[in-house]
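Structure first, then comments.
Throughout, read-outs are computed from the coordinates displayed, never taken from laboratory work. None of these values were measured; they are calculated from a predicted model. Reconstructed Cβ throughout: ideal geometry from the backbone, glycine too, with neighbour counts over all protein chains shown.
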Ligand code: ADE
Ligand code: ZN
Ligand code: ZN
């Protein structure tokens, strides 16, 4: 199990960015996940989150859930964090193993999305009960954790090494040339918004919240059955299985993905967004519960 002895803690003032108006496990995906999580936070967790959020977020966790992508792209200082957004598995192996897979391109252990989730949840839980400690930047830890719990649920963030999680698989999304990774980060969600939700993200969020209490209500307890502080490993295992079964299937290089692919994959994307939101709330509720979590 990794993540507890990591030395890549960075103590800097948070580089804050204006929250962009146009959102894109693209911005829309992360926004939806954090909006769902907010609905399931306990009073204690909500108060702790609000205390840690930067002023620009105006008390809304969802406003900073894409921060980790923004700084990775736009600030050279944060380039070190790029490998923390994913964990790839050996080509065509539809399983995930922390010890084998969680490393960066230089084989530094623990530098992957599951390692990052262990690391930042540990920082938050330790730091929150020792508020005098200046050891960690808890605002940054909260923004990273909220983002990475989303990323680990995107099936192609646990894809194959050889195709960089689908990034090198060029496909058409209807008439537009793009790559398979981008289809799963952004295009499926964007097409769903246009087709079913009048391009209104709040309608999509409402529909997912309704599904959580109706259609998926029998499944929800099984999404929350983490018995530790945080459980990124089973989430990554689910993701790579979904990558094999749904993302890579019938999406060979040069293929055109249209209605058949969209209509059969959208339910997978919608359920992953909802699961991710519920599980983010679960981990934040646990970290910020008044009773410190028992040692693992
Ligand atoms: N870079 C390498 N692998 C990746 C993945 N699975 N997702 C996003 N970026 C990556
Ligand atoms: Zn990311
Ligand atoms: Zn991505």
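Annotations for the structure displayed:
- Residues in the stretch 178-208 that are out of contact with any helix residue (DSSP H, G or I) (no Cβ under 9 Å at 6 or more places or on another chain) and either within 16 Å of ligand 1 (Cβ to nearest atom) or more than 21 Å from residue 154 (Cα to Cα) (or both): 3 in all.
- Here the helices (runs of 4 or more DSSP H) wholly within the stretch 80-173 that include at least 3 residues being under 27 Å from residue 32 (Cα atoms) and more than 9 Å from ligand 1 (Cβ to nearest atom) are 113-128, 138-153.
- Any hit, the stretch 224-237, residues being part of a loop (DSSP other than H, G, I, E, B), surrounded by fewer than 19 Cβ atoms within 10 Å (Cβ to Cβ), at positive phi and more than 16 Å from ligand 1 (Cβ to nearest atom): no
- When residues of the stretch 110-166 are limited to those that are within 21 Å of residue 77 (Cβ to Cβ) and in contact with a strand residue (DSSP E or B) (Cβ under 8 Å, 6 or more places away or on another chain), the one nearest to ligand 2 (Cβ to nearest atom): 112
- Residue within the stretch 196-208 that is in a loop (DSSP other than H, G, I, E, B) and farther than 22 Å from residue 28 by Cβ present: no
- Residue that is buried (at least 21 other Cβ atoms within 10 Å of the Cβ) and either within 16 Å of ligand 2 (Cβ to nearest atom) or more than 22 Å from residue 26 (Cα to Cα) (or both), where the choices are 94, 65: 65
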